[in-house]
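Only one structure is covered here, and it is reproduced in the block below.
The values are calculated or read from the model by the stated rules, or taken from the named source; none is laboratory data. From a predicted model like this one, the values you see are computed outputs, not experimental measurements. FYI the Cβ positions are ideal-geometry reconstructions off the backbone, even for glycines, and counts take in every protein chain you see. Remember, those area values only see protein heavy atoms, side chains included, never the ligands or the DNA or RNA. Shrake-Rupley method; radii C 1.70, N 1.55, O 1.52, S 1.80 Å.
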Amino acid sequence: MRISALVAILATAAMAGGLNSNTNQSVIYQRSVARDASIDVDAPYANPSGTAFMDDGLFISVNSQTFWQKRGTTVNKSPIIKEGQEFEGDAFVPCLPSLLATWHHGNLAISGHFGVIGGGGRISFDDGIPSFYALMHAPMEQIKDGLNEKGLKTTKSSVDISLDAVSYIFGATLGAAYEFNKMFSVYLGARFNYAMNSYEGEISNLRLNPVIPGMNPNGDMKSASELADAFEDLATASKKAGKEEDAVKYATLAGTFDALNEKASMELDVEQTGWGITPILGLGFHYKRLTVGAKLEYNTGIEIENDTKKNETPLKEYDDGKKDHNDIPTLVTVGLAYSILDNVRLSLGYHHWFDSKANLSQDLEDHIDNTYEFLYGVEVDFMKRFTLSGGVQVTRFGITDEYISDININLNSTSFGFGLAYKATDWMRLNVSYFHTLYQDYDEVVEYGLDTYNRDSRGFGIGADFNF
């Protein structure tokens, strides 16, 4: 299951939000965090019903965020992996773009949003992951035993394991909000989601330390292909010298090492695509200094299909044309914002994902409960044109030992965001932000020892808001 779960989760690099979705859709979010009652330019995503309370005109927000992430596993108490050995995966997102726009006239607002709703980057495990090494342990032991039986004393073996994955779910949203009774609003819209995943994995370069008189007398580590070539050269030289018996012996050994190298080599190259539509409903309330917003994003059914260029693994779910589910779970958000002074605003938010009700790849929903978040934010205007803001987000996943693994490292976290806005003109505002997430380590007893999972994430954003 750990290997087959790769399709659903290896490249999930959400910058903020649930297991399979990203709620960070603007630099304003990154610098203020709690935006679920927004009536600002980020409202088309954060609080779409809030667009009905905006002033008349056209509002546009353009954003770009950059993220660095690490996720890793430290192995202890293992009989087959070095004590304390660390396996790290690196993810870098050079540009996470988003665009938000609202046209407001009278009581009506029409709004749209485009951004990366899920995934959001590339993750690379250049040194592999421990569970893959554990899975290779038994066949590697068989290889050593086979060589020892042939009289080639062999005590060590190793292979190179690498994993690389990219995952994006692009979303384009369009909807309308209407204000009535000067205090209430309602929103109805939909988002088109397009999922694109690619996965490349490789096990290669078998290395062994057979003691071979005249060729490797000290039992140094040699690649199997190097040993095969060396024996092939000996077989050719022996044949030329008329030593047929030696030629056959060396040719057999060359074939042995070629076969071992092939046995310990696998490659996977898969691309997947799929799409789905998210119905969205929003309700809002605005009176004097108080704003309340609520949003429902209904479960998005996405069926992804394999376009497989190479699958040398025994896993049939990666075969060309195979389909699987990769839903975006139902999300409910509630937010409240209150201006305690003309230049000071406080905000609260709550997010709840119904992960266990979604249809996830490899039936992973059977091993999770729902995800929830609490968000807190504050904004302070000063010197007429500046706004300083900050916030905190607390995320708790309903994960179990059956769900989490060295491939799928989703950990409870607390995030801190802060930043600055500068109103350059009456129609343009610039935003800069920084967002840092601290994760709780998670210990899991596995068949090969004790895994300790950890993550790290940090990013910054720049954006510009316009009103006409």
Review point. Can you list the residues, at least 5 places off or on another chain, whose amide H is less than 5 Å from the amide H of Ile117, using H built in the peptide plane?
Key: Ile169, Phe170, Gly171
Study note, to complete from the structure: In the list (1) 0.92; (2) 1.22; (3) 1.10, the entry giving Cα Rg over 2.2 N^0.38 Å computed from the coordinates is (2)
Exercise for review: Set the Förster distance to 25 Å, then compute FRET efficiency between Trp427 and Arg289 from the Cβ-Cβ distance, nearest 0.05.
Suggested key: 0.50
**Study point:** In nm, spacing of pseudo-spin labels at Glu447 and Lys310 (7 Å Cα→C-beta vector)
**Key:** 2.7 nm
**Study point:** Listed peptides 344-356, 161-173 by packing density, highest first (mean Cβ within 10 Å)
**Key:** 161-173, 344-356
**Study point:** Sparse-neighbour loop sites [trypsin sites (Lys or Arg not before Pro); region 95-150; at most 14 other C-beta within 10 Å; DSSP]
**Key:** Lys150
Review point. ³J(HN,Hα) across region 399-416 via Karplus (A = 6.51, B = -1.76, C = 1.60, θ = phi - 60°), whole Hz, x for Gly/Pro?
Key: 8, 10, 4, 6, 9, 6, 6, 6, 8, 10, 9, 10, 10, 4, 8, 10, 10, 10
Review point. Once phi is turned into θ = phi - 60°, what whole-Hz ³J(HN,Hα) does the Karplus curve with 6.51, -1.76 and 1.60 give for every residue of region 264-275, x standing for Gly and Pro?
Key: 9, 10, 9, 9, 10, 9, 10, 10, 9, 9, x, 8
Point to revise | Three-way shape label, region 201-254, alpha-carbon gyration tensor, a/c 1.5 | key: oblate
Point to revise | Rounded to the nearest 10 Å², the accessible area of Thr155 at probe 1.4 Å | key: 80 Å²
Exercise for review: Check each of the trypsin sites (Lys or Arg not before Pro) in region 250-316 and keep only those in coil by DSSP with at most 14 other C-beta atoms within 10 angstrom; list them in order.
Suggested key: Lys288, Arg289
Check your understanding: Any idea how far the Cα center of region 157-226 sits from the one of region 124-144, in Å?
Key -> 18 Å
Check your understanding: So, how do all the Cα-to-Cα distances of region 80-178 break down into 5 Å bins, in percent, from 0 on up?
Key -> 3, 10, 13, 11, 10, 9, 8, 7, 6, 6, 5, 4, 3, 2, 2, 1, 1, 0
Check your understanding: How far, in degrees from 0 to 90, does helix 224-240 lean away from the longest principal axis of the Cα atoms of the chain, to the nearest 10?
Key -> 30 degrees
Check your understanding: So, in nm, how far is label Asp127 from label Asp456 when the simple model puts each one 7 Å beyond its Cα toward the Cβ?
Key -> 1.4 nm
Exercise for review: Kindly express, to the nearest 10 degrees and within the range 0 to 90, the angle between helix 130-149's C-alpha long axis and the longest C-alpha principal axis of the chain.
Suggested key: 0 degrees
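Roughly speaking, what is the stretch gain from Trp68 to Tyr434, that is 0.36 nm per residue apart minus the C-alpha to C-alpha distance, in nm to one decimal? Can you show the working numbers first?
Working: separation 366, 0.36 × 366 = 131.76 nm, distance 1.18 nm.
Once the chain is fully extended between Trp68 and Tyr434, it gains 130.6 nm.
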Check your understanding: Of Lys288/Lys384; Lys82/Lys249; Lys153/Lys316, which sit over 32 Å apart, Cα to Cα?
Key -> Lys82/Lys249; Lys153/Lys316
Revision key, fill the gap. FRET efficiency for Lys240 and Asn205 from the Cβ-Cβ distance with R0 = 51 Å, rounded to 0.05, comes out at 0.95
**Study point:** Relative contact order (%) - region 408-468, alpha-carbon pairs under 8 angstrom, separation at least six
**Key:** 36 percent
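Rounded to the nearest 20 debye, what is the charge dipole size of the chain about its Cα centre when +1 sits on each Lys and Arg Cβ and -1 on each Asp and Glu Cβ?
Dipole about the Cα centre, nearest 20: 1520 debye.
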Practice item. In whole Hz, with x marking every Gly and Pro, tabulate ³J(HN,Hα) for region 153-158 from phi via Karplus 6.51 cos²θ - 1.76 cosθ + 1.60, θ = phi - 60°. Key: 4, 9, 10, 10, 7, 7
Review point. Using a probe of 1.4 angstrom, how much of the accessible area of the chain is carbon and sulfur, in percent?
Key: 57 percent
Check your understanding: In degrees from 0 to 90, rounded to the nearest 10, what is the angle of the helix 244-263 Cα long axis to the longest principal axis of the chain?
Key -> 20 degrees
Review point. What residues from region 32-50 fall in the zone where the backbone N is under 18 Å from a label point 7 Å along the Cα-to-C-beta line of Phe382?
Key: 32
Practice item. State the answer as a single residue: which of Ser204, Leu234, Tyr178 lies farthest towards the positive end of the charge dipole of region 176-240, with beta carbon charges of +1 for Lys and Arg and -1 for Asp and Glu, about the Cα centre. Key: Tyr178
Practice item. Would you mind checking Lys295/Lys423; Lys70/Lys263; Lys295/Lys357; Lys77/Lys144 for any pair whose Cα atoms are more than 26 angstrom apart? Key: Lys295/Lys423; Lys70/Lys263
Review point. What length, rounded to one decimal in nm, is gained on full extension from Thr273 through to Met221, with 0.36 nm per residue of separation minus their alpha-carbon distance?
Key: 14.5 nm
Practice item. In debye, nearest 20, what is the charge dipole magnitude of region 144-217 about its Cα centre with +1 on Lys and Arg Cβ and -1 on Asp and Glu Cβ, if you could check? Key: 180 debye
Check your understanding: Simple spin-label model, 7 Å along Cα-to-Cβ: Thr414 to Asp160 in nm?
Key -> 4.2 nm
Point to revise | Net charge of Cβ neighbours under 14 Å - reference Ser413; Lys, Arg +1; Asp, Glu -1 | key: +2
Check your understanding: Over the chain, what is the relative contact order in whole percent, taking alpha-carbon pairs under 8 Å and six or more residues apart?
Key -> 19 percent
